[in-house]
Amino acid sequence: MGVKSEAIADWRRKNKYLLKVEAGVLVSVTRVHKPPRLFAKYAPYWMGIIDLKRGRKIMGRGVGQVVTVEGQKPKIGDRVTATRRILYADGDNGVIHYGIKWVVQK
């Protein structure tokens, strides 16, 4: 295993909890029309506050982008599941940044 592979494996061992899929319930939702410049090409998009299951909390609640079927509006009370998605890339040959987005379960 190369140095980079060992570093990635070490990070995954130390941060296992970050890699587990969470589920929760949408308790607040808003549509972002004027996001920060980095995310402008994705506007408009939905953001929400999510009550997490399994007793885990992130400052009491999780916050993140909510992904729906095209044209559907997420509603308070919708069940959501976390999924890892590409957030953005630093140019064509730059670092790809991954993060959590919340997918509405129908």
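Where in region 1-69 are the strands (runs of 3 or more DSSP E), entirely inside, with at least 1 residues that are under 27 Å from LYS106 (Cα atoms) and at pLDDT below 60?
Counting at least 1 such residues, we get 62-67.
Of all residues in region 76-97, which are surrounded by 11 or more Cβ atoms within 10 Å (Cβ to Cβ) and of a type outside the set (A, V, I, L, M, F, W, C)?
Hits for region 76-97 are ASP78, ARG79, THR81, THR83, ARG84, ARG85, TYR88, HIS97.
The values are calculated or read from the model by the stated rules, or taken from the named source; none is laboratory data. What you are looking at is a predicted structure, and each value in this text was computed from that prediction instead of being measured. In this analysis, Cβ positions are derived from the backbone assuming ideal geometry, glycine residues included, and neighbour counts consider all displayed protein chains.
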